[in-house]
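Each reported figure results from applying straightforward, stated rules to the coordinates on display, with no laboratory input. Predicted model, so just to flag it, every value in this text is computed and none were measured. Ideal geometry is used to build each Cβ from the backbone, glycine not excepted, and the neighbour counts take in all protein chains shown.
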């Protein structure tokens with residue numbers, strides 16, 4: 001089993017939160033998929049992460065492309 005990860009949201013000095021602003025603009029279905037992805041990362045499941053050096057991108061396969 002993978003080691004759990006700590007997932008944190010980036011908050012700017014002015015207290016704005018780009019992730020939260022993006023997330024709140026999603027449809028209910030897209031928000032559920034994003035929330036599931038975050039939960040999987042917190043559980044240590046990085047199988048959907050594409051790594052480019054030290055930076056990772058979580059990919060959600062959904063829709064026609």
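Just a few scattered comments:
- Calculated FRET efficiency, residue 9 to residue 47, Cβ-Cβ distance, R0 = 22 Å: about 0.50 to the nearest 0.05.
- Average projected area [Cα convex hull, the chain], square nanometres: 5.8 nm²
- Pairwise FRET efficiency - residue 21 versus residue 55, Cβ, R0 = 25 Å, nearest 0.05: 0.75
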